[in-house]
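Remarks on the structure that follows.
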Amino acid sequence: MVSAPNLKVATANRLGDGAVVYRDRTGSWSTRFADAVAVEEDLAAELLAAAGRDMDRAIVVGVALIEVARVDGRLQPASLRERIRAFGPSIALAMQPPGGEESR
Amino acid sequence: MYRYDEFDHAFLAERVGQFRSQVARRLRGEIAEDEFKPLRLMNGLYLQLHAYMLRVAIPYGTLSSAQLRRLGEVARRYDRGYGHFTTRQNIQFNWIRLQDAPDIMAALAEVGMHGIQTSGNCIRNVTADQYAGVAADEIEDARIWCEIIRQWSTLHPEFSFLPRKFKIALTGAPADRAAVKVHDIGLAMRRAAGGAIGFEVIVGGGLGRTPMVGKTIRDFLPKEDLLSYLEAIMRVYNRYGRRDNLYKSRIKILVHEIGAEAFAAEVEAEWREIRDGALRLPRATIAAIAAHFAPPDYEPAGGDAAVLAADRLANADFDLWVRANVVAHRAPGHAIANVSLKKPGAIPGDASATQMEGIADLAERYSRGEIRVAHEQNLVLPHVRMRDLHALWRGLIALDLADANLNLVSDIIACPGLDYCSLANARSIPVAQRIARRFADLKQAHDIGELKLNISGCINACGHHHVGHIGLLGVDKNGEEFYQITLGGSGAEDAAIGAIVGPAVASEKVVDAIENIIGTYLAERRAGERFLDTYRRLGAKPFKERLYATH
């Protein structure tokens with residue numbers, strides 16, 4: 001894994017269903033990590049502040065900046081915890097979702 | 001079973017209505033998360049890694065078939081088709097939507113269930129021996145006393161904002177299947193020399209960051225004094241328990257710091273003031289609660305033992321399941337059947353909606369409509385006629401729930417770990433799966449014999465790793481998962497905290513390490529010795545030498 005030390009992504013849980021979401025370039029929230037906007041240090045505070053305003057607007061909860069790393073040319077969360085948040089449990093579930101779940 | 005009366009149902013309906021209004025206001029943005037969080041937690045609704053998680057209380061692990069069926073319905077309709085039974089005899093749903101939570105609570109309330117007392121710094125849902133009321137070795141049914149404690153502790157105004165959460169466990173048998181010595185208060189029913197029945201009161205046990213075995217502060221407490229004595233303990237804790245440091249706020253720290261004798265003296269002084277007051281339990285009250293737990297009208301044995309013996313002779317797999325999973329019942333001709341939720345390779349403690357509904361059906365057919373949840377994350381059918389065991393086993397096979405591995409190496413306790421829990425540092429479930437697969441051969445597992453292997457994904461120890469004969473604690477070392485190994489723990493009547501055997505091992509080496517440790521046991525054991533017995537006889541040295549010689 002190659003770190004991308006200065007890149008950060010804003011993540012949160014969507015208020016209504018708790019789904020893990022990422023702030024995208026349009027200022028919306030996406031359940032796909034691939035849609036996340038990654039910013040360097042100089043824009044991180046601004047990204048966090050903008051994301052935080054959506055907590056006040058009851059759109060998301062638990063906004064945080066996370067570190068990202070570059071793996072095979074693609075960005076992914078640096079920590080195992082955040083990779084599990086992004087891509088789901090590392091284990092097969094007793095029963096897969098009944099369908100319609102968006103791919104992360 | 002205890003069934004909610006009109007007051008209970010009215011209270012739950014009121015609570016559902018309040019929560020529905022709170023959720024609506026939260027979703028409209030009229031209340032902030034900081035204001036909402038304590039309200040949702042008081043109803044068992046957490047926010048975990050992937051979604052909201054709802055923890056539903058199963059008081060003293062007792063469920064009716066209607067309740068289990070309803071849990072299955074909740075899993076199917078509102079979650080992803082499964083639920084996770086926990087080490088506190090509760091169930092958790094991992095994929096709950098906030099907007100659905102009020103409807104789920106309403107559905108649960110219809111069958112007398114809720115998430116109250118599953119979170120927060122209150123007296124939590126009381127746990128008990130899963131065989132209460134049916135165990136052959138029992139002095140008295142623990143559920144009667146658990147229910148009395150439940151009614152006293154629920155929404156107790158004086159104890160709703162304790163320094164920290166508070167857990168009480170109770171056993172009515174000399175064999176401790178409820179881990180009472182590692183709870184804030186453990187109650188063990190005892191028979192005095194004159195024949196009177198009362199409680200040994202154990203205080204200050206616990207796991208987590210600072211594991212401790214509780215101390216007995218009273219050898220014998222008369223039954224009618226139970227609530228006044230508990231109230232006295234709670235008052236002393238509430239008065240002196242630390243609120244300035246989260247890590248020192250549990251009662252075990254207070255008992256440790258001032259000493260069990262001084263703590264007991266404080267309790268006794270407080271108790272003298274209140275023991276003859278309103279909390280003294282009248283016989284009529286005890287009898288009224290006990291009536292809810294009266295044994296069913298068991299049919300006479302009628303050759304059941306002979307039928308069972310013939311069934312066992314005819315089928316070796318069935319015989320193995322009986323040996324591992326069936327326990328002596330107090331009523332002739334009957335048996336206690338354990339349903340393992342530990343199929344090697346599956347998620348410990350998980351049951352699908354179909355399985356929950358299927359077990360509810362089997363309970364109605366063979367177990368008087370009653371099910372128990374064990375803190376080891378298995379289910380129990382407590383009232384099975386011996387002659388019905390074979391048919392029950394067939395039914396369990398159809399549900400993929402007939403694994404004959406109770407108390408064996410693959411019967412692993414595991415917390416949700418980093419796959420679900422926001423507190424975890426490392427994963428528990430995949431490690432449990434890998435170990436269970438390595439020891440999936442039942443012949444080998446039965447040869448190894450009783451072995452409690454417990455895994456926690458962080459120091460909070462929800463997987464009870466400290467009291468596993470072998471314990472694994474997941475730790476994060478520079479972003480990599482490592483597992484600290486402890487040996488010699490026990491949550492039973494011979495309770496002990498396991499000792500760390502040496503440096504933590506990397507995730508990919510854990511299964512080999514467990515096999516290595518078990519190899520030492522197999523090489524060193526004497527006839528009739530369990531793993532724990534061999535460890536206690538030899539100490540850590542041979543285990544450590546062999547383990548680290550190859551790692």
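The values are calculated or read from the model by the stated rules, or taken from the named source; none is laboratory data. Just so you know, these numbers come straight off a predicted model, no measurement behind them. Because the Cβ atoms are built from the backbone with ideal geometry, glycine has one as well, and the counts that use them run over all protein chains shown. Please note that ligands, DNA and RNA were not included when accessible areas were found on the heavy atoms of the full protein model with its side chains. Shrake-Rupley method; radii C 1.70, N 1.55, O 1.52, S 1.80 Å.
A few comments on the model shown:
- Condition check for B:GLU35: open to solvent by 10 Å² or more (accessible area, probe 1.4 Å) and away from chain A (no Cβ under 13 Å): no
- Verdict on B:GLY72 being in contact with a helix residue (DSSP H, G or I) (Cβ under 7 Å, 6 or more places away or on another chain), crowded, with 24+ Cβ neighbours inside 10 Å and outside the structural domain of B:LEU187 (by TED's automatic domain parsing): no
- Meets criteria (more than 18 Å from B:TRP321 (Cβ to Cβ) and open to solvent by less than 40 Å² (accessible area, probe 1.4 Å)) for B:SER352: yes
- The condition of being open to solvent by 10 Å² or more (accessible area, probe 1.4 Å), outside any loop (DSSP other than H, G, I, E, B) and not aliphatic (A, V, I, L, M) does not hold for B:ASP403.
- Test: residue in segment B:312-328 that is out of contact with any Ser or Thr (no Cβ under 9 Å at 6 or more places or on another chain), crowded, with 16+ Cβ neighbours inside 10 Å, assigned to a helix (DSSP H, G or I) and of a type in the set (Gly, Ala, Ser): no
- Search result, residues across segment B:39-66 that are without any contact (Cβ under 8 Å) to a residue 60 or more places away in the chain and either under 14 Å from B:ASP103 (Cα atoms) or open to solvent by 10 Å² or more (accessible area, probe 1.4 Å) (or both): B:LEU39
- The lone exception for B:ARG15 - which of (1) more than 14 Å from every other protein chain (Cβ to nearest Cβ); (2) surrounded by 17 or more Cβ atoms within 10 Å (Cβ to Cβ); (3) part of a loop (DSSP other than H, G, I, E, B) it fails: (3)
- Filter result (in contact with a helix residue (DSSP H, G or I) (Cβ under 8 Å, 6 or more places away or on another chain) and aromatic (Phe, Trp, Tyr)) within segment B:206-236: B:TYR229
- Boolean, B:ARG437 is open to solvent by 10 Å² or more (accessible area, probe 1.4 Å) and of a type in the set (Lys, Arg): yes
- For segment B:76-115, the set of residues classified as of a type in the set (Val, Ile, Thr) and either open to solvent by less than 10 Å² (accessible area, probe 1.4 Å) or part of a strand (DSSP E or B) (or both) consists of B:ILE91, B:ILE96, B:ILE104, listed by residue number.
- Selection of first residues in segment B:314-341 that are without any contact (Cβ under 8 Å) to a residue 60 or more places away in the chain and on the phi > 0 side of the Ramachandran plot and of second residues that are buried (at least 21 other Cβ atoms within 10 Å of the Cβ) and not in a helix (DSSP H, G or I), restricted to Cβ pairs under 8 Å at least 6 apart or on distinct chains, gives the following pairs, ordered by first then second residue: B:GLY333/B:ARG385.
- Inside segment B:491-534, residues that are of a type outside the set (A, V, I, L, M) and part of a loop (DSSP other than H, G, I, E, B) make up a count of 11.
- Residue satisfying condition, being small (Gly, Ala, Ser), on the phi > 0 side of the Ramachandran plot, part of a loop (DSSP other than H, G, I, E, B) and open to solvent by 20 Å² or more (accessible area, probe 1.4 Å), within set B:GLY208, B:GLY195: B:GLY195
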